[in-house]
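Reviewing the structure listed below.
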Amino acid sequence: MTFKLISALLALNLIFPKAFSAASEPSVQQAQAKAVMNNVYGSFVKIIPYIYSSNEKIEILKETSHKNEKDELVKNLNDLSNFFKSARHADFFQKPGFRPSLDTINDHLEETIISVSSNNFLFAQKRLNAITSLCVSCHTQLSDSLSKNSFGAAINKEGRDKFESDFSYANYLFLVRRFPESKIYFEKAIENSLNKDSVLSKNEINTSLRRMIAMHTKIKFNYKATQEILAKYENDKRIPSLTKSTLKEWSQSLLAWKDFDINSVKSIKDFITQHLTPIEAKRDKVEVGEEDMTLLISSGVLSNFLADNSLTSQTPEILYWLSIAERRLSQTYFFSLADLYLKDCIKRYPASPIAKKCYQEYADNLEVGYSGSAGTVIPQEEKTELLKLKALLK
């Protein structure tokens, strides 16, 4: 299984560009959040060998001679779970952009602990690989200035020798926002994979490219850097033809954002009307990736705004569009952050007209997800959940 880029280190505080003139977080919230995340990171680094590894690493834990190692892994996972649970008491992590991921990661960690404890190591490895993908929507929202103060010197201690491959190390570096270094190792991973003909190598090429593009669109809003990456690999004859086709589409759609300046955004409502409302009528193009650049850049704008302006009439619509972006750009084996955003929209803002839109999107996604050759067979528990959500609408 190719693990998704992950971000287990939830954000400590977000300072959106001055375009929105948002007030900074109270110092007490900063202190609480930083204390939580320092503990999270301390536990996270202890399980790195299992998160960024192949199945063989964890399979040996079922042997009696490795009982101590298994017990240590369970202890570290429990510590990580407890620190994430403590985040519930920090006001910052209750912001709409973070709450869905935080609520779900606690459940995910409990299931991971059960898998390890019961020697279900194949499933445990998949869950370990996926731990930090729950936080990708949080971690990529950090501003550069804030991220430098978020994790301290500890993030500089993990070197390449602790990871099985350049690809694994690149994802870790991305996780802790060491972006210049992560780009170097993603490029190394691509170079290593270009000379191999396997599903795994193609996945690593595609994932590495997507990480680098996300770095310079959603996070950095850097048109020139994005363009340079696209041009470099679009012209590489070794790149798989399907991937090259995608890169060309991205290059073309990126042109519309050539003159975009994040600091020019004065109204989030106007931003949505200008950039997102028009693609509502062409969802078929969204599904095939023609609007990826718009979704990447817009998700960065929306999530940053939401973090600094959590009490706003625009929140339900922002959650709706974040779900659209998440469904297209980031898929996971165990959970759907897209659905979590939609549920939060419905549960937290049931009186908003957008809540009905969120409900319909969720219901439609559920129907598609359970449709197959035998027709549409939605489990009873899912039907019950739908009824509960619908009953909330005003």
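The values are calculated or read from the model by the stated rules, or taken from the named source; none is laboratory data. Keep in mind that what you see is a predicted model, and the values were worked out from it rather than measured. Don't worry about glycine lacking a Cβ; one is built from the backbone with ideal geometry, like all the others, and counts go over all protein chains shown.
Could you please give the count of residues in region 224-241 that are in a helix (DSSP H, G or I) and of a type outside the set (G, A, S)?
Residues flagged as in a helix (DSSP H, G or I) and of a type outside the set (G, A, S) within region 224-241 amount to 9.
Only one residue in L102, L128, L134, L142 is in the same structural domain as Y52 (by TED's automatic domain parsing), surrounded by 20 or more Cβ atoms within 10 Å (Cβ to Cβ), over 26 Å from T217 (Cβ atoms) and modelled with pLDDT under 90, so which one is that?
L128
At least 3 residues that are touching a residue at least 60 places away in the same chain (Cβ under 8 Å) in each: list the helices (runs of 4 or more DSSP H) lying fully within region 53-122 that qualify.
In region 53-122, the matching helices (runs of 4 or more DSSP H) lie at 55-59, 99-117.
Need pairs with beta-carbon distance below 6 Å; first residue surrounded by fewer than 16 Cβ atoms within 10 Å (Cβ to Cβ) and within region 210-238, second of a type in the set (A, V, I, L, M, F, W, C); sequence gap 6+ or separate chains.
R238/L194
If a residue counts only when it is surrounded by fewer than 16 Cβ atoms within 10 Å (Cβ to Cβ) and in contact (Cβ under 8 Å) with a residue 24 or more places away in the chain, which helices (runs of 4 or more DSSP H) contained entirely in region 242-333 have at least 1 such residues?
268-271, 283-287
Just name the residue that is modelled with the highest pLDDT out of those in region 145-154 that are more than 17 Å from F83 (Cα to Cα) and part of a loop (DSSP other than H, G, I, E, B).
K148
Of the residues K196, K183, which is surrounded by fewer than 19 Cβ atoms within 10 Å (Cβ to Cβ) and not hydrophobic (A, V, I, L, M, F, W, C)?
The unique qualifying residue is K196.
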